[in-house]
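The values are calculated or read from the model by the stated rules, or taken from the named source; none is laboratory data. Because the structure is a prediction, the values reported are computed rather than measured. Cβ placement follows ideal geometry from the backbone for every residue including glycine, while neighbour counts extend to all protein chains displayed. The accessibility values were calculated without ligands, DNA or RNA, using every heavy atom of the protein model including side chains. Shrake-Rupley method; radii C 1.70, N 1.55, O 1.52, S 1.80 Å.
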Amino acid sequence: MVLPSPEFIIYSIAYGSSLALLCLGLTLTYMTTKVPNFAHGTLAIVGATVTLMLIDRVYYQFRGDPLYYSLYIAAPLIAFFVVGLVALTEYLLVLRPLVRKGIGIIGLMIAALAFDIILVNILTMTLHLAPSEYFGKLIGQSLKGFDARVSLADITTTFSRLAMPVVAVILTVTLHLFLTRTKFGIAMRASIENPSLARVLGIDVDRVYIVSWFLAGGLAGVAGSFLSFIIESVKPAAGSLVIVSIFAGSILGGLGSIYGALLGGFLVGFMEPMATIMLQNALSEFLGRTVIITQYQRLFSLLVVIVVLLLAPQGLTGLNYREVIGRVRRVVGVG
Amino acid sequence: MVGYILSVSDLNAGYGRFHIVFDASFNLADGEILTIVGPNGSGKSTLLKAIFGIATVYSGLVSFKGSDVTRYPPHVKARIGLAYLPQTDNVFAELSVRENLVMASYTLEESEARDRIEEVLNIYPILKQKLDYKAKSLSGGERQILALAMTLIRKPELIMLDEPTGNLAPIIAKELLKKIVQLRDELKKTVILVEQSAKAALEISDRALLMVSGRIAYEGPSKGLLEDVELGKKYLGLR
């Protein structure tokens, strides 16, 4: 069997890293408002669009210049704040008023879907109705050619694919320190676990939720900024594809743990392209002709959702690992 | 009303359209333990929640140190000296003991919070050894002690405890009741206790309140209720 190339493995790690951040954000918002945010995929596309605009308007002229590398700091940073504000808008203008009116989970899910549709339309209008002298050059194009190429030994990859895992690790460690070492971070965990007790103790739970939504959006913006170099083209509706993988990773992670979300997101993001390409290679070898199945990549995520919900609905964090290790030991005859 | 730390007059309360407590009136003097007892569903916990502002008050008055606090939201009541300890979920299970104590002192200045945490750790030294343990790993009794410690951090004057010994082994429940006596005798706190295990709780209390079908059926010294054979047999399972 032909194994994936090192370049493809690097690509899968980068995709897994961005999906880990997206799952983390989705889980954070789910834990606060208890509603799965169907707009989360489109939030990532807003981040990708910010990157596209930045290249289009500012960095286009710097291609080949060392200054071009500042794009990898500027784009995620701007995307963090822009998408953070978009997510905050969704919470403050749509979901919070409905929660306060006592609307149930079905109503909130429909509201999140409606916000997603509105967001896609706003993106479409921004990209297609804006005067062509603004954001004109790159609309609908792939940004892969705008990702700086990097050669390491015999491996040629791109700068964003190397940077994404590093950024994901830095953000994860920062978030961990924020949640465990700062008073507000601990209050966030407390408010998520037991909002009524948190209120009794004088914690402003609403402020905690506001910060959670901003952070979730911000992380989606950073992930989307890097995804813009990976996805075929930055299209407003692309979020509907990404959301499948985000849900798969979050459900695998357990939807109740941010660390589970990181792990679930990375595993789904890494395995989705890897499993697809390995199956494609195996099928090609078996049939004796080239078979292309990468367009069915999301089937892997759907399969993960079905298997996890059937066998371990609590996800990875709900598993009794001692029991699992015991079972494995019994099967392999150790201990 | 002067002379009482808490006065409740003609209180009607419940949840939404479910009217549970009817015309409750009683007074509580500073430094006393009042135990509210009664059969299941008699409105004991609802009365406590109504006083703290968690259940809906339809009419009546709750007065704390002479001021009308009936409509104050719970977090405001927490700031002016009332504390309420729920029956369940009264600690953050996923947080460590230290983090729980930090959350209990959330609105205090950092130096003051540190001092208060140190004070409660001296009152309950068992928690000192478990500071980095997650609350969910504590035993039932240790959890209730942590919850009491969290309540005490704010230095409340009136502490309301909703079935603190529920789900505890009898020996641990007895220990916890001793801690409640300590709250009154050593820390000079006023305590309202809602309890299922009526006899043990009444024995440590100064006053008692028996609730039946949402109404107060007895209000007076706890000794009086313990000695009332008819009420004790009918409503409290005492012989």
> Using only helices, what value at 222 nm comes out for chain B when you add -39,500 (n - 2.57) per DSSP H run of length 4 or more and divide by the total residues, to the nearest 500 deg cm²/dmol?
Replying inline: -10500 deg cm²/dmol
> Counting only other chains, what is the mean number of Cβ atoms within 10 angstrom of the Cβ of each residue in peptide B:68-79?
Replying inline: 2
> Taking the highest mean first, how do the peptides B:128-136, B:204-212, B:175-183, A:21-29 order by number of other beta carbon atoms within 10 angstrom per residue?
Replying inline: A:21-29, B:204-212, B:175-183, B:128-136
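Using the Cα centre of the protein assembly as shown as the reference point, and only Cβ charges (+1 on K/R, -1 on D/E), how large is the resulting charge dipole? Debye, rounded to the nearest 20. It would help to have the intermediate numbers written out before the result.
On the way: 52 positive and 44 negative charges, 115 e Å.
In total the dipole reaches around 560 debye.
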> Does chain A classify as rounded, prolate or oblate by the C-alpha gyration tensor (a ≥ b ≥ c root eigenvalues; a/c under 1.5 gives rounded; else a/b over b/c gives prolate, otherwise oblate)?
Replying inline: oblate
>> Compute the orientation-averaged projected area for the stretch B:91-155 from the convex hull of its Cα atoms and round it to one decimal in nm².
In response: 3.7
> Considering only A:Phe286, B:Thr35, B:Ile80, whose Cα is most displaced toward the positive end of the charge dipole of the protein assembly as shown, charges sitting on Cβ of Lys, Arg (+1) and Asp, Glu (-1)?
Replying inline: A:Phe286
> Hey, rough spin-label estimate for A:Met278 and A:Arg298, points 7 angstrom out along Cα→Cβ, what's it come to in nanometres?
Replying inline: 2.4
> In terms of modelled amide H atoms, which long-range or inter-chain residues lie less than 5 Å from the amide H of B:Ile192?
Replying inline: B:Leu34, B:Ile159, B:Met160, B:Leu161
> Where the accessible area of the stretch A:1-41 is counted over protein heavy atoms with a 1.4 Å probe, how much of it, in %, is carbon and sulfur?
Replying inline: 77
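How high is the relative contact order of chain A, given as a whole-number percent (alpha carbon pairs under 8 Å, six or more residues apart)? Write out the running numbers ahead of the final one.
On the way: 520 pairs, mean separation 115.8, N = 335.
Relative contact order, chain A: 35 percent.
Starting from the Cα gyration tensor of the stretch A:218-282, take the square roots of the eigenvalues, sort them a ≥ b ≥ c, and report rounded, prolate or oblate (rounded when a/c is under 1.5, otherwise prolate if a/b is larger than b/c, else oblate). Walk me through the numbers on the way to the answer.
On the way: a/c = 1.98, a/b = 1.05, b/c = 1.88.
Taking the square roots of the gyration eigenvalues as a ≥ b ≥ c, the stretch A:218-282 is oblate.
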> Separation of the stretch B:25-64 and the stretch A:218-244 by C-alpha centroid, Å?
Replying inline: 55
> Taking 0.36 nm per intervening residue step and subtracting the Cα-Cα distance, what contour gain separates A:Glu323 from A:Lys101 on full extension?
Replying inline: 75.6 nm
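Is there a pair in B:Lys155/B:Lys188; A:Lys34/B:Lys136; A:Lys34/B:Lys134; A:Lys144/A:Lys235 whose C-alpha atoms are over 18 Å apart, and which pairs would that be?
Values: B:Lys155/B:Lys188 11 Å; A:Lys34/B:Lys136 22 Å; A:Lys34/B:Lys134 24 Å; A:Lys144/A:Lys235 14 Å.
Violating the 18 Å Cα-Cα cut-off are A:Lys34/B:Lys136; A:Lys34/B:Lys134.
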> In the structure shown, do any of B:Lys199/B:Lys233; B:Lys77/B:Lys189; A:Lys183/B:Lys128 have a Cα-Cα gap over 18 Å, and if so which?
Replying inline: A:Lys183/B:Lys128
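Percent antiparallel among DSSP beta bridges with both residues in the protein assembly as shown, to the nearest 5?
Working: 28 of 45 bridges.
Antiparallel bridges make up about 60 percent of those DSSP assigns within the protein assembly as shown.
What per residue convex hull volume, in Å³, do the alpha-carbon atoms of chain B yield?
Working: hull volume 28.4 nm³, N = 239.
Roughly 119 Å³ of hull volume per residue.
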>> Using amide H atoms built in the peptide plane, which far-off residues or other-chain residues are under 5 Å from B:Ala217 H to H?
In response: B:Leu210, B:Met211, B:Val212
> Considering every residue in A:195-208, what mean count of other chain Cβ atoms within 10 Å of its Cβ is obtained?
Replying inline: 5
> So how do B:88-98, A:8-18, A:92-102 stack up, highest first, on mean other-Cβ count within 10 Å?
Replying inline: A:8-18, B:88-98, A:92-102
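Rounded to the nearest 0.05, what FRET efficiency do A:Leu3 and A:Thr126 have when you use their Cβ-Cβ distance and R0 = 45 Å?
Working: r = 42 Å, r/R0 = 0.94.
With a Förster radius of 45 Å, E is 0.60.
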